[in-house]
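Data first, discussion second: the structure below is written as structure tokens.
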Amino acid sequence: MTESDGRERTARARACDVPTAGVKAYEEGAFAEFRDEVEQVWNENSAYWDDYMGEGNDFVNVLCWPVTEKLLAVEHGQSVLDIACGNGLTSRRLGRLGARVVAFDVAEGMIQRARRRTSAADGKIEYHVLDAGDEQGLRALGRANFDSALCNMALFDMAEIEPLFRNLFSLLKPGGCFVFSMVHPCFNQADATRYSEFEDRDGELITTYGVRVSRYMTPTMRRGLALQGQPTPQPYFHRPLDMLLNVGLRAGFVLNGIEERAFPATHPPGRRELGWGPNFSEIPPVIVFRMQRQ
Ligand SMILES: C[S@@+](CC[C@H](N)C(=O)[O-])C[C@H]1O[C@@H](n2cnc3c(N)ncnc32)[C@H](O)[C@@H]1O
């Protein structure tokens, strides 16, 4: 084993095995070995995802879309890149706002479903099968070609995000912005457990809902569910906020928008997504960022 092999293995072990609390050992490429699994799993899940998700669920409609739409502020005729578009749910919404949309996803099954769902009424949408880690494929989308880019609930599904941020800088026009919504890395990740506690406080019955976070600082890969009942659990890549945002800042973006989103206390209790609902109105499962190319 060479010295550099040793360093690589140590970095990977720190990133993926049981990590030492507080040690940030992530290096670019540390999760690269999971790229094929991501593609395979999302292909396996694409029919289930499309059948369940259709044109949107509460997670998208209540937590993500109102903010992403506002932060993107798409104008008629603008060109928008929809990254990891899944079944094209947001691509069609952008198309109906009058944008010219280029959308891509690593899973061919998703793109097939997206094409099947899309009609002339959805505007101008071009779909591609592409891995956001494929720098050559990203470059082929052109230079300064897009007014803005969206990645709705998918950066944490990507084994690598550095190639995407690096290439987005040249894909976007100067001043162009990148809006991305995420499962909140502080509260909605594998090592943040939701709980409810029931107590009799001097005759008053009180239930408290909360989140216990046992690990945050170290990037980790854990498999989990995006939708209850999906055929195969998918890899989730947890990155703490500073690590995540620094990838964008290093690529030349500035952060100029941020919103955290929780279901309101008035949200119908029966309509929950993976256990999130009105009982957790003080804890945001979603965070949305806007970064702008300088
Ligand atoms: C949770 S779904 C979200 C889909 C869509 N953005 C939406 O809002 O409905 C995550 C998507 O990310 C895609 N994905 C994961 N890694 C990717 C990568 N490296 N490049 C492109 N797409 C990727 C998956 O195939 C999947 O369609």
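The values are calculated or read from the model by the stated rules, or taken from the named source; none is laboratory data. Predicted, not measured: the structure shown is a model, and the values here were computed from it. All Cβ positions, glycine included, derive from the backbone under ideal geometry; neighbour counts span all protein chains shown. Remember, those area values only see protein heavy atoms, side chains included, never the ligands or the DNA or RNA. Shrake-Rupley method; radii C 1.70, N 1.55, O 1.52, S 1.80 Å.
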Scan region 226-250 residue by residue and report those that are open to solvent by 30 Å² or more (accessible area, probe 1.4 Å) and in a loop (DSSP other than H, G, I, E, B).
-> 228, 229, 231, 232, 233
Residue among 135, 126, 160 that alone is more than 11 Å from the ligand (Cβ to nearest atom) and closer than 22 Å to residue 34 by Cα | 135
What number of residues in region 248-294 are among the β-branched types (Val, Ile, Thr) and within 15 Å of the chain's Cα centre (by Cα)?
-> 4
If you scan region 93-133, which residues turn out to be in a loop (DSSP other than H, G, I, E, B), farther than 19 Å from residue 46 by Cβ and either under 17 Å from the mean Cα position of the chain (by Cα) or touching a residue at least 12 places away in the same chain (Cβ under 8 Å) (or both)?
-> 97, 98, 99, 123
In this structure, is residue 153 within 15 Å of the ligand (Cβ to nearest atom), at pLDDT 95 or above, under 28 Å from residue 282 (Cβ atoms) and surrounded by 16 or more Cβ atoms within 10 Å (Cβ to Cβ)?
-> yes
Condition check for residue 193: of a type outside the set (Lys, Arg), surrounded by fewer than 18 Cβ atoms within 10 Å (Cβ to Cβ) and assigned to a loop (DSSP other than H, G, I, E, B) | no
What tally of residues in region 126-140 results from selecting those that are under 25 Å from residue 73 (Cα atoms), surrounded by fewer than 22 Cβ atoms within 10 Å (Cβ to Cβ) and touching a Lys or Arg at 6+ places or on another chain (Cβ under 9 Å)?
-> 2
Identify the residue in region 251-292 that is charged (D, E, K, R) and modelled with pLDDT under 95 and, among all such residues, is surrounded by the fewest Cβ atoms within 10 Å (Cβ to Cβ).
-> 271
Would you check if residue 223 is open to solvent by 60 Å² or more (accessible area, probe 1.4 Å), closer than 29 Å to residue 87 by Cα and either at pLDDT below 95 or assigned to a helix (DSSP H, G or I) (or both)?
-> no
Residue hits (region 29-56; of a type in the set (A, V, I, L, M), more than 10 Å from the ligand (Cβ to nearest atom) and not in a loop (DSSP other than H, G, I, E, B)) are 32, 47
Could you tell me whether region 31-47 includes any residue that is open to solvent by 20 Å² or more (accessible area, probe 1.4 Å), at pLDDT 95 or above and more than 29 Å from residue 243 (Cα to Cα)?
-> yes
Flagged pairs (Cβ under 9 angstrom, 6 or more apart or on separate chains; first in region 28-57, among the aromatic types (Phe, Trp, Tyr); second open to solvent by 50 Å² or more (accessible area, probe 1.4 Å) and part of a loop (DSSP other than H, G, I, E, B)) are 48/229; 48/231; 52/228; 52/229
Residue 234 passes all but one of the listed conditions (1) touching a strand residue (DSSP E or B) at 6+ places or on another chain (Cβ under 9 Å); (2) over 30 Å from residue 43 (Cα atoms); (3) of a type in the set (S, T, N, Q); the exception is number (2)
Matching option when the condition is closer than 20 Å to residue 106 by Cα and either open to solvent by 30 Å² or more (accessible area, probe 1.4 Å) or modelled with pLDDT under 95 (or both), among 201, 143, 166 | 166
In region 57-91, what residues are modelled with pLDDT of 95 or more, within 12 Å of the ligand (Cβ to nearest atom) and assigned to a loop (DSSP other than H, G, I, E, B)?
-> 84, 85, 86, 87, 88
